[in-house]
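Colleague: If you scroll down you'll find the structure; I have some questions about it.
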Amino acid sequence: MTKETFLKKLEAELQGLDADERADILAEYREHFELALEAGRDESGVALALGNPKTLAKEIRASVLVEQAQQELSMKKLFQAIFTAASLGLFNLLIVAGPFVGLLGLWAGMIVVALAFLVSPLIELYMNGFPTTGADWLQLLLSLVLAIVGYFLGRGMIWVTKWMYRWLVRYLAYNIKLVKGKSHNEA
Amino acid sequence: MENIQFKKGVLELCVLVLVGREDLYGYELVNSISKHIEISEGTIYPLLRRLTKEGYFSTYLMESQEGPPRKYYRLTDSGMRYRDELVREWDDFVGRVNSIIRGGEEA
């Protein structure tokens with residue numbers, strides 16, 4: 001692989017990153033090539049020693065996306081970061097996606113419960129009409145209590161969602177650190 | 001994929017120690033490491049990038065007599081603390097492993 005092929009491949013794989021960031025990264029690899037050539041090494045040897053541009057780009061993208069997700073709360077960024085981290089390898093897919101899917105299920109379940117509690121007085125009114133007997137009033141009262149519980153559960157879930165997001169991002173960052181060393185063997 | 005985490009940690013330690021000795025540009029650093037340890041040279045750059053983002057390195061460009069300006073890395077104060085911590089952990093680890101290898105001595 002020539003210097004230009006290597007840099008082109010790397011650039012293509014880095015699509016989607018901030019333009020400045022990309023230019024910065026490419027400049028560094030270009031500098032590496034230039035200094036190596038000055039020292040009398042040949043292009044293909046240098047490219048070979050650098051490793052697979054695709055693997056390198058994946059590492060870089062993964063850490064950039066996690067950094068971005070750390071800075072701003074955005075579901076899109078989070079999913080991008082998870083996807084990229086997972087694409088670092090099957091091993092990684094399991095340890096990233098496994099806990100994530102589990103947590104997501106739990107989270108969705110709690111949200112549904114909170115919503116159901118919250119609307120329970122409406123359901124009660126819809127099913128039984130306006131309360132006339134004492135038992136009806138009791139049911140309505142109970143459903144109002146449920147609604148209050150649902151309200152607080154819902155607020156709690158908003159808080160939990162923020163925390164889950166932060167923890168997930170931190171877990172991803174840790175995870176990428178853990179997998180990074182692998183590319184030595186893929187080169 | 002043997003010893004992923006081990007190799008990765010050691011590489012990080014080497015990079016921190018070398019840049020701590022004197023400011024270095026990427027190529028110099030890659031060379032001084034690959035002289036001793038077999039690595040895929042390209043992985044040093046993402047590592048440098050991450051350590052810079054984490055505030056352990058600062059960077060600056062400096063002109064050279066021949067060729068383009070070079071991007072130098074310098075160890076920051078928090079980088080020094082981090083390096084010292086890693087070196088301590090490493091010494092401790094090596095000490096324990098050695099005491100197992102030599103055997104006999106209180107394990």
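Colleague: Identify, from the list A:Leu73, A:Leu65, A:Leu94, A:Leu48, the residue that is within 14 Å of chain B (Cβ to nearest Cβ) and either modelled with pLDDT of 80 or more or not in a helix (DSSP H, G or I) (or both).
Modeller: Every option except A:Leu48 fails the conditions.
Colleague: So, one more: Being in contact with a helix residue (DSSP H, G or I) (Cβ under 7 Å, 6 or more places away or on another chain) and of a type in the set (Gly, Ala, Ser) is the filter; apply it to the range A:117-143 and report the residue that is farthest from A:Tyr171 (Cα to Cα).
Modeller: Only one residue fits best here, namely A:Ser143.
Colleague: Looking at the range B:64-80, can you tell me whether even one residue there is of a type in the set (A, V, I, L, M), farther than 30 Å from A:Ser44 by Cβ and not in a strand (DSSP E or B)?
Modeller: Within the range B:64-80, one or more residues are of a type in the set (A, V, I, L, M), farther than 30 Å from A:Ser44 by Cβ and not in a strand (DSSP E or B).
Colleague: Does A:Arg155 count as of a type in the set (D, E, K, R), under 33 Å from the mean Cα position of the chain (by Cα) and at pLDDT 85 or above?
Modeller: yes
Colleague: Evaluate the range A:76-88: report whether one residue or more is surrounded by fewer than 21 Cβ atoms within 10 Å (Cβ to Cβ), at pLDDT below 75 and among the basic types (Lys, Arg).
Modeller: Checked the range A:76-88: at least one residue is surrounded by fewer than 21 Cβ atoms within 10 Å (Cβ to Cβ), at pLDDT below 75 and among the basic types (Lys, Arg).
The values are calculated or read from the model by the stated rules, or taken from the named source; none is laboratory data. None of the values given here were measured: they were computed from a predicted structure. Heads up, the Cβs are rebuilt from the backbone with ideal geometry, glycines too, and the neighbour counts pull from every protein chain shown.
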